[in-house]
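Below is one structure, written out as structure tokens; the observations come after it.
None of the figures in this text is laboratory data; all of them are computed from the coordinates on show. These numbers were taken from a predicted model, which means no experiment stands behind them. Virtual Cβ from ideal backbone geometry, glycine too; neighbours counted across all protein chains shown.
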Amino acid sequence: DQQVKQNSPSLSVQEGRISILNCDYTNSMFDYFLWYKKYPAEGPTFLISISSIKDKNEDGRFTVFLNKSAKHLSLHIVPSQPGDSAVYFCAARPSSNTGKLIFGQGTTLQVKP
Amino acid sequence: DAGITQSPRHKVTETGTPVTLRCHQTENHRYMYWYRQDPGHGLRLIHYSYGVKDTDKGEVSDGYSVSRSKTEDFLLTLESATSSQTSVYFCAISPTGNTEAFFGQGTRLTVV
């Protein structure tokens, strides 16, 4: 039972355009959401997060949007750069503060020069 | 980078043998995690720890056990390795239960 789902395995965009990565979740107890970026042969690195009390969080070129009613979050990268090419994972934590952190399957982003 | 060291970084083992992977941190973080990464499955939580000697199961805990006898070390043991446990294993640490986690470099395990 996949509680965090990234239904698009891959995405290809042109340099300078917007990249939109999507994530859906099924557990209404999740209240903290994160995005990670992963290059080959490296561990995932934290990118940006959002609490369920917000619907948007920005950090430079990265913006995360949260739609609680739809149980959906998205990561926008504007403008996209070739160095953004990586696998992106969304993750979620439950409000019970157990520390549990559940990830999606990942989306491979390719930004073409 | 957060002070996380995974050892070994690469290992090849035979089916049926026991294997232990080690995660060592120097950040004094309370939470520690073991994940495995497989194509099409992303990162799946195996076990995690919320304190010394406090552990809980994740999504794919069957065939794995863990131990945390001190804050800095979290061990993952495959009691009898199987080919389905061939994977890349990542350790992660987090200071609290509601903030981001920081990952190690990974251990590539091959069971032949």
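Largest GNM mean-square fluctuation among A:G83, A:G99, A:G16, using chain A with Cα springs under 10 Å: A:G99. Placing +1 on each Lys and Arg Cβ and -1 on each Asp and Glu Cβ, with no other charges, gives chain A a dipole about its Cα centre of roughly 80 debye.
Within 10 Å of the Cβ of each residue in A:86-94, the mean number of Cβ atoms contributed by other protein chains is 2. Placing +1 on each Lys and Arg Cβ and -1 on each Asp and Glu Cβ, with no other charges, gives region B:4-111 a dipole about its Cα centre of roughly 180 debye. Taking GluC sites (Glu not before Pro) in DSSP loop states with no more than 16 other Cβ atoms inside 10 Å as exposed sites, chain B has its longest site-free stretch at B:28-78. Charges were assigned to the Cβ only: +1 to each Lys and Arg, -1 to each Asp and Glu. The resulting dipole of the protein assembly as shown about its Cα centre is roughly 120 debye. For the segment A:42-51, counting C-beta atoms of other chains within 10 Å of every residue's C-beta and taking the mean gives 5.
With a cut-off of 14 Å between beta carbons, the residues surrounding A:C23 carry a summed charge of +4, where Lys and Arg count +1 and Asp and Glu -1. Close lysine pairs were tallied over region A:4-112: pairs 8 or more places apart or on different chains with Cα atoms under 29 Å apart number 29. Relative contact order, whole percent, for chain A stands at 37, derived from Cα pairs under 8 Å and 6 or more residues apart. Region B:44-59 and region A:53-107 have Cα centres separated by 23 Å.
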